[in-house]
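S.K.: Below: one structure in structure tokens.
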Amino acid sequence: MLIALGVAVAGSIPANATPAPDAGSQPVVAIATDGGLRCLGASTMQPLLAAWARAFRAHRPQASVEIGDSSHYSAEGVAATLAGQVNCISFAREPFPAELAAFKRRLGQAPIVIPVAGGSYATPHGTFALAIYVNRANPLRGLTLAQLAAVFSGAPAPGRHRPLASWGQLGLRGDWAARPIHLYGMTPRRASGNPPGIVNFLDRRVLGGRSWRSDLRVQVDTPGTSTLAAIVRQVGADPDGIGYSGFDYASGAVRALPLAVAQGTPFHAGTLGEVAAGRYALARTIYLGFPRSSTGGLSPAACQFLSFVLGADGQRLIAQDRMHFDPLTPAQDHTARTALAREGLCDAPLPSADARPPHPRPAYIDDNGAVRIVGYNDMRWMLEALDRRFESTHPSIRFDLVLKGTRTAPAALAEGSSLFAPMGAEFTDQALARYQQRVGTSPLKFRVAHAALDPRARSSPLAIYVNPANPLAVISMRQLRGIFAAPQRLLEGAQLGLSGAWAHWRIEPCGLAQDTALGVFMNRHHLGGAGYARSYRGFRESAAVLRHVALDPAALCFADLNQASDAVHVLGIRTGTGDARETFTGSRQEIVAGRYPLDRFLYIYARKPDARDDHALACDYLRLVLSDGGQQAIAAAAPGYLPLSEAERSVERRRLEASLCR
């Protein structure tokens, strides 16, 4: 099937076209154009090309552009062009050397290949940026492209006469100095004689014509595991390993190295913003390729279409494509325009680069123009109330709440598909590591409300529970650590001041499972990260904890305070020492004043300001949240989350102004 605009062209564009036999260096194929364009090639570029064609047709109703959707690979567009069946190739990679040679043999001249967009950050199959991974244990801080070339080829590093074989040659000392470098990667050449597209990119960008090292540990696709995933897995299992893959293949066993284009230039970790801005050394590009006309340049149809693609309207459409390609950076745009000017291809001047949009539409703007918020479902009512207040002063803004749970928020914030992340708990260590790997920085965290005492709420302060038969009434924070944290130091009732039969009470600690949000919270904030005692028993929800306490006189457990009942007894919590000791029971007044020691908060996380991000909207929204009116809206909304104290709000407002709103 074709997406045809303007003059129809008989027949279809074959996906299996093959070039005619080699006829030497003279052109033997006349490219059929009929005054229009016929494009074929990478399926990943087809939707974007189709969008460009539709918009181009709106500007030039008489234009003819056909976009084939029956091919999968750039090579099919090359073959169809060499056979005289199309005159536009969508290249999701750089042309192979063999393809350029075939053009010269078959058509007498190399094709004109023009960059039209940046590759994606990490979209599967989306010409994504490449990361260089080492084992997590490897202390190497970064590599220049020259050093990377020496690693890949095994040739001597700059200024050295011996082949690069050990980590010491890259500056590591101690035990690492003599350790060998193990390189993992794809096969450098397929059976066709051409490299994989990723290898072709690295051949051009890094190796510059040098061959790959002979001891490359080649990985291949296996059932359930792609080559790129296998490379990361092998590097994660080998402390001496290094390899390349996409950023979405990262694991906790590996670390992506910052890269510099050359010695003395800045290192970049490959964050989303660095890739989009073209600062990261292994960001990639997509192209359009055209056979030369009889005069050696572009046909008028190709020139007109490229003029549109490189202009403001064409580049704006890139941000709406599902492959998440990036608009050309100013440097890439300059490269494209310089190439066209050098060829003298267009009668009319190309649109000014200044007319191009500086940034694509943010990913958090949905198809209806609303601002998407992804996060905690129990914050829906307060967010709806805050949204109404915000929209009253920002009439052009509408919100789309996609609230399916706290766990959905970190990934959405990392990829930029949510303006900010409302959460009922802090980032887990794993979610934070994934966020840092993708974005390159940690997110900003702001407290926006206290947890609730209303039993309908999903987030509550914690409480310490015992069986009603237990005479214990008060426990200190230090004693709690002695019971719950590993190794358990407080084992019997006598150590808590009990006498008689209860002096021999064998304390059985329990609470929420260690991997739940409450289990992580308790360990992080009140056990010093030491982990739980060996005898600790974890449950998946507070209701199960309380059922256990009600039946077991030996239990001493923590769970949500808002689930308390007559079947269990809530202990007072003592803080401080000596005459300064105070006991708290978790009243509303204690919580709002910020005095209850087992309190919890609701949060809004935001991205740190980046050259690519428009953070003014998030700044304005959080200013509202922390204002008097915003906190009143939170307090009035179901299901009863409690406002911050004035002291807490002052702290958060200062942090907001110093970080997000600066």
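The values are calculated or read from the model by the stated rules, or taken from the named source; none is laboratory data. All values reported here derive from a predicted model rather than from experimental measurement. Here the Cβ positions follow ideal geometry from the backbone for every residue, glycine too, while neighbour counts run over all protein chains shown.
S.K.: Just one of Arg654, Arg662, Arg623 is of a type in the set (D, E, K, R) and free of Cβ contacts under 8 Å to residues at least 24 places away in the same chain; which is it?
M.R.: Going through Arg654, Arg662, Arg623 in turn, just one is of a type in the set (D, E, K, R) and free of Cβ contacts under 8 Å to residues at least 24 places away in the same chain: Arg654.
S.K.: Under 7 Å by Cβ, and 6 or more places apart or on different chains, what pairs join a residue from segment 236-255 that is under 16 Å from Val199 (Cβ atoms) and assigned by TED's automatic domain parsing to the domain that holds Gly440 with one that is buried (at least 23 other Cβ atoms within 10 Å of the Cβ) and not aromatic (Phe, Trp, Tyr)?
M.R.: Short answer, once both residue conditions are applied: none.
S.K.: With in the same structural domain as Val466 (by TED's automatic domain parsing), at pLDDT below 95 and of a type in the set (D, E, K, R) as the only criterion, which of Asp552, Asp579 stands out?
M.R.: Asp579
S.K.: Mind checking which residues of segment 489-526 are assigned to a strand (DSSP E or B) and surrounded by fewer than 13 Cβ atoms within 10 Å (Cβ to Cβ)?
M.R.: Within segment 489-526, just Arg506 meets the criteria.
S.K.: Which ones in segment 370-411 are surrounded by 17 or more Cβ atoms within 10 Å (Cβ to Cβ), part of a helix (DSSP H, G or I) and of a type in the set (Val, Ile, Thr)?
M.R.: Thr406, Thr408
S.K.: Could you list, in sequence order, the residues of segment 527-573 that are surrounded by 19 or more Cβ atoms within 10 Å (Cβ to Cβ) and in contact with a Ser or Thr (Cβ under 6 Å, 6 or more places away or on another chain)?
M.R.: Ala559, Asp560, Leu561, Asn562
S.K.: Hey, another quick one. Of all residues being crowded, with 21+ Cβ neighbours inside 10 Å and in contact (Cβ under 8 Å) with a residue 40 or more places away in the chain in segment 258-272, which is farthest from Leu143 (Cα to Cα)? Just the residue, please. I'd like the intermediate steps shown before the answer.
M.R.: Step one: of segment 258-272, the residues crowded, with 21+ Cβ neighbours inside 10 Å are 259, 268, 270-272.
Keeping just the survivors that are in contact (Cβ under 8 Å) with a residue 40 or more places away in the chain gives 259, 270-272.
Values: Leu259: 5, Gly270: 13, Thr271: 16, Leu272: 19 Å.
Selected residue: Leu272.
S.K.: A further question follows. From the list Glu652, Glu648, which one is of a type in the set (Asp, Glu), crowded, with 16+ Cβ neighbours inside 10 Å, in contact with a His (Cβ under 9 Å, 6 or more places away or on another chain) and at pLDDT 95 or above?
M.R.: Glu648
S.K.: Now for a different question. Regarding segment 138-146, can at least one residue be identified that is crowded, with 24+ Cβ neighbours inside 10 Å and either under 29 Å from Pro330 (Cβ atoms) or in contact with a Lys or Arg (Cβ under 7 Å, 6 or more places away or on another chain) (or both)?
M.R.: no
S.K.: Considering only segment 543-583, state which residues are of a type in the set (Gly, Ala, Ser), in a helix (DSSP H, G or I) and in contact (Cβ under 8 Å) with a residue 60 or more places away in the chain. Quick ask: steps written out before the conclusion?
M.R.: Applying the first criterion (of a type in the set (Gly, Ala, Ser)) to segment 543-583 yields 543-544, 550, 554-555, 559, 564-565, 567, 572, 576, 578, 580.
Within this subset, residues satisfying the condition of being in a helix (DSSP H, G or I) are 543-544, 550, 578, 580.
Result: Ala550, single match.
S.K.: Which residues, counting only those in segment 264-308, are within 18 Å of Ala117 (Cβ to Cβ), under 27 Å from the mean Cα position of the chain (by Cα) and not in a strand (DSSP E or B)?
M.R.: If the condition is that a residue be within 18 Å of Ala117 (Cβ to Cβ), under 27 Å from the mean Cα position of the chain (by Cα) and not in a strand (DSSP E or B), then Leu272, Gly273, Glu274, Val275, Ala276, Ala277, Gly278, Arg279, Tyr280, Leu282, Ala283, Arg284 are the ones that fit.
S.K.: Would you tally the residues in segment 179-199 being part of a loop (DSSP other than H, G, I, E, B) and either at pLDDT 95 or above or under 33 Å from the mean Cα position of the chain (by Cα) (or both)?
M.R.: 10
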